1. Eight or more residues apart or on different chains, and alpha-carbon atoms under 29 Å: count the Lys pairs in the stretch B:97-161 matching that.
2. A:P48: net charge of surrounding residues, Cβ under 12 Å, Lys/Arg +1, Asp/Glu -1, itself excluded?
3. Return the long-range amide H neighbours of B:R396 (sequence gap of 5 or more, or a different chain), with a cut-off of under 5 Å between placed amide H atoms.
4. To the nearest 20 debye, what charge dipole does the stretch B:540-662 have about its Cα centre, counting +1 at the Cβ of each Lys and Arg and -1 at the Cβ of each Asp and Glu?
5. What total accessible area, in Å², is buried where chains B and A meet, using a 1.4 Å probe and rounding to the nearest 100?
6. Computing the accessible area with a 1.4 Å probe over protein heavy atoms, can you report the carbon and sulfur percentage for the stretch B:548-683?
7. Hey, if you put +1 on the Cβ of every Lys and Arg and -1 on every Asp and Glu Cβ in the stretch A:56-171, which of A:H140, A:A72, A:I118 ends up farthest toward the positive end of that dipole?
8. With a sphere of radius 12 Å drawn around the Cβ of B:L585, what net charge do the other residues whose Cβ falls strictly inside it have (Lys, Arg +1; Asp, Glu -1)?
Amino acid sequence: MPPKHYRAPGKKKEGNAAKYITRTKATKYLQVSLNTFRKLCILKGIFPRVPKKKFEGNHKTYYSLKDITFLAHEPLLEKLRHKRAHEKKVKKAKARKNKELAERLLNRMPTYKLDRLILERYPTFVDALRDLDDCLTMVHLFASLPAVEGERIQVKRIHNCRRLSHEWQAFISRTHSLRKTFISVKGIYYQAEVQGQKITWLTPHALQQVLTDDVDFNIMLTFLEFYETLLGFVNFKLYNSINVKYPPILDPRLEALAAELYALFRYVATGSTRKPAENQSISSTEEKKDSDEKMDTCVNESDLQLAQLQHQLPSNEPGALMQLLEDSNNDDDDVDQDTIECKTLFKNLKFFLSREVPREALLFIIPAFGGVVSWEGEGTPFEETDEDIAYQIVDRPTQGHKFLSRHYVQPQWVFDCVNARIILPADAYMVGMVPPPHLSPFVDDEAEGYMPEYAETIKQLQATAKKNVMPLPDLDNQDLADPQNLIADGVMDRTQANEAAEERRKLQLLEKQYHDELKMEMSGITYSATLSNKKSENSGSEEMQHKDEVVVPVSTEKNDEDDRAKLYMSRKKRGLYEAIEISNQRKKDKVALLKERKRKASASKSG
Amino acid sequence: MGKGKYEESSSDEEVNSSSDVVEASSDEEVESSSDEVEALSDDVESSEDESSSDNEKVEESDSSEDEVAPRNTVGDIPLVEWHKDEEHIGYDIKGRKIKKQPRKDKLASFIEGADDPKNWRKIYDEYNDEEIELTKDEIKIIQRVISGRTPHAEVNPYEDYVDWFEYEDKGHPLSNAPEPKRRFIPSKWEQKRVANLVRKIRAGLIKVSDQNKEEEHNVYSLWTDDTDSVENKKRGGYVPAPKPKLPGHEEAYNPPVEYIPTAEEINSYELMYEEDRPKFIPRRYLNYRSVPAYDKGVKESFDRCLDQYLCPRTRKKRINIDPESLKPKLPSRKDLRPYPTTCYLEYRGHMGPVNCISVDPSGQWLASGSTDGTARVWEIETGRCLKIWEVGEVARQICWNPSPDRPILAVVLEYDVLLLNSGMGDIDIQTKMKELLHISEPGATEDAGDSKSAVTWIQHEKHDGIRMKHFKAVSSIEWHFKGDYFTTVVPSGDSKAILLHQLSKKHSETPFRKLGIPVTAVFHPSKKKFFVATKKFVHVYDLSKVEKIQKLETGVREISSISIHPGGENIIVGSKEGKMCWFDLELSTRPYKTLKVHSKDITRVTFHRTYPLFASASDDCTAYVFHSTVYSDLNQNPLIVPLEILRGHKPEHGRGVLDCKYHPRQPWLFTAGADSIIKLYCH
């Protein structure tokens, strides 16, 4: 490839041949090996393109020429060349048995940084968040891989991944931005909403991972290299946004107990750890710091203290500023309705995890929804014998000793509660029972056309919960000193709320009808057909014959109408129309299959 | 052993018996090993010395090894053969005969051997005819030779090499120069370099490695607030990787029962193609603790990585539209009434598929021709069969004369066209008709130009009409709107494919030459224009000048029928692949609209004479009714609306509706089916 301004005779000035370049030619042009090229492409986010005409043949990979020239100007390319040269020196020294030199050279191995690349690929922070799905999945996967010396992956990197993933989880949990969770066979899916971006990631189950041989770890590690850096910067930015110092300094005692996540929670909750009094006040506002039971009683005191302390602090002290900022931030956060909902789901509920329950997932989820959680082991916030524990998460066939004051539920209960955003009745999830089916929160049942039975019951529960709970937020804000007033207001609110709910339900009904009609229109059912259908539905079984008479001609007429319109379409449109119809039919078949299976299952159960 | 060899060489000498230098030199080689240099020189000088002296010398040389000299001197001769019958075995050195030893018989020698413990060491020397007993030393030598060692144990072939040159401790180096000074003083350049490094380290340009290592958390706020606004120049055409698919209910560890396929379904997956087979088969675990580690987790992550850097990305427009919106907005059918919708009458009577129908210009009578060899006339309003002609052949096409005062029917048979008097009308007309359909002298209308006439006009006796005999099979007939001229098409007729006939003069001519294979030909409904459809094109001719005006490219594979709009500016063409083309002659020579209507051949397209309707009949047993408004304003395109699909005919031998015709005044459509029924559809 010639430089920019020179064009060799016979070279194309425009068209595909001028816009694209094959991979072989690109590597030749860049004078790099294929491995280096691959690494560069991964780090720079350059991907092959599909030219309209594959001028060099069908089986070639084409890159945009602009991308390649962009690579040619990349300083990283030079860095990688230096690195390669340096590696050669090391090799030479080793071959000459010059151990000392080899070591010295190894120490001075040229390094490169990816921060500029990250900024280049993601000019704004939101861009980075948008592309974070793969990053998180990968980092979480590597965090769960065995950290054993001599494996293909360096232990240091696995530890780094663990740290990053915990930091991320701590942030999500702290800001209550987790929205959906799902236990699948592949692992646990989480979906969080950060700055309006929905970020979904998958964490493997907390079990030994299988390292297969059909995987090229070099490629994965190159990706990981980029992702680690990216997540580091993202975490930094996020921690900064909630005024917590990054990187966090963890309690060594908890770290030793392999409770990094909890340690991080505490760290994040306590902010930048300036003064203990400050910390307590923050945690009291956030319901995060849990160990201090006395907090509630002495809130006033601590507030007073805080005021005094702040007064004492010099005004340019960064800690004080941060404190103020954080308070204001908190207020801002609360504006988001969703976050409030998530924050208050498990509010004032204490959870205890049994030994056998996968701790990390629940330790992440429960605080994210405002709950307080403890587990069996050292350094836990509270013991199993704590009377206030409302739910104990158990995953064993039978529970021996039971406290009557608490529910013993299976882990799925937490996930289902979170997805439904209500506290589900724990009866179905008791120890030793087969829990109800676990449903994916990522599926739009109505769009899919089939709603599983349990989804419907959850929906009903949600509806009733909404009716009951709606006025409660107002209640909380009431002056607690005046109980009479409160009750009266409460009653008022209740009735009002009930009325409102009724109206809403009516509205919803109307809306639903409207939507249904719209949908029907989309699926090609005319109004008259539905009318007739409805009529036929309404007229019972006694009028079966009559119904048939009514429906059949209508349908044929409709068919005719369809054919008539199809006649007039252009070939392209007709093809498109038929393709859509086929896909719709496929969808319908799928739903029909599900219904059929359901019918059979229920029949076999009853029979 | 060695002896034999010597004998050999000496005998060689004997055989050659010449005293060449070469030979002598060879001799020398042999002798040199026996250290007899002097004797050899003698030998060379006295080259004539015979083997005897040689032998002596050998004796001498071998004296240490063999005490007993070989007595026999006969040389290397086949002893057994030559001395078999002699009493001697040879001669000794003095020339005396050496007697043979008495033969021992085998048994005695065996017994002797068995008794003698040394027997295994004895060997028989045939040459000297004696038995030799080998000593122990000799046996050892033999064994050593066999095992490849030196014959004598005392010889060491691997003695240490003693160099002929002594060099140690002689006290004289190769170079005697003194050590240079530079070996004793520190390097100047090294010192300079070190100084340079020291300076650089002090200046902080070079960092010592220990400092370098302490750089773990070098993160900082990468995205400042102003980056949002300033640096938003992403590379053109960057396509972010699509997000992975979110899991559905079926991927749950505990999915609803209906998402789990039954055993039969799982088995049926095995029969599917590899690509179609579902990649993930849902399974149900009854509790969370029993969920195993996902073994394909790393692999899937890796695949995702591969996808990200290997897969080409393009933006694909995903169409998410309501399929109904694709359908064109057609005007309501209610507004376009009247048009035929329902079957009103059926005309039954034909015994075979009805090939053709025709409605008389008054709209009272319907004529039909069938494969059963009859042509019939029906009363339209009652369905009564009025008249039957037994034409005896398959009636391919039938056509009423469009002039109301000439109630003549033209029926196309295989080679003939019959012009029949239908018998309608009052007496005046009938008498006229009789006149018209009478040919005074048969064969009078010979074609002037051609030697062999294409058509002969003959009086048909049986049905009282005219029989026009064509030279080849006729496919179609069409009357001119005035009713005097008509045209017939003979597809295989080459230059005489299109024939124009004048009824009043009983005259035929072939004005159009160079054509392909014509399919049909029609007259313009008002102007002097003529349309000829070949397989793919429609040619428009001016009749007055007899020249081509237009050539319409249909783009269909094979035209089956055409029809002219009563206005004359629009044509529809039906094709054998089920397509219909609408041509606007003033717009273009290409179709204004092509409709893929039928799934099988279109047999007939036809316009209504007064209503804005046209219809198509096809072998797929349907007839379509269309609305077509042609505007007088040239800027406005004709409006074509599909109106109705008429079904009712049954398929017979793969054929459906064979013909369709509109009623001249009413919006009624007649269809003739292969099931030998004619149907009338009314509004």
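The values are calculated or read from the model by the stated rules, or taken from the named source; none is laboratory data. Since the model is a prediction, treat every value here as computed from it, not as a measurement. Using ideal geometry, Cβ is built from the backbone for each residue, glycine included, and neighbour counts are taken over all protein chains shown. Side chains included, ligands, DNA and RNA excluded: accessible areas come from the protein's heavy atoms. Shrake-Rupley method; radii C 1.70, N 1.55, O 1.52, S 1.80 Å.
1. Pairs that pass both the separation and distance tests number 17.
2. Around A:P48, the surrounding residues sum to +4.
3. HN-HN under 5 Å from B:R396: B:V412, B:L413.
4. In total the dipole reaches around 280 debye.
5. Values: alone 45500 and 37840 Å², together 74340 Å².
That pair hides around 9000 Å² of surface in total.
6. Values: 2260 of 5040 Å².
Exposed carbon and sulfur together represent 45 percent of the surface.
7. The one lying farthest along the dipole's positive direction is A:A72.
8. That sum, taken over residues with Cβ under 12 Å, equals +1.
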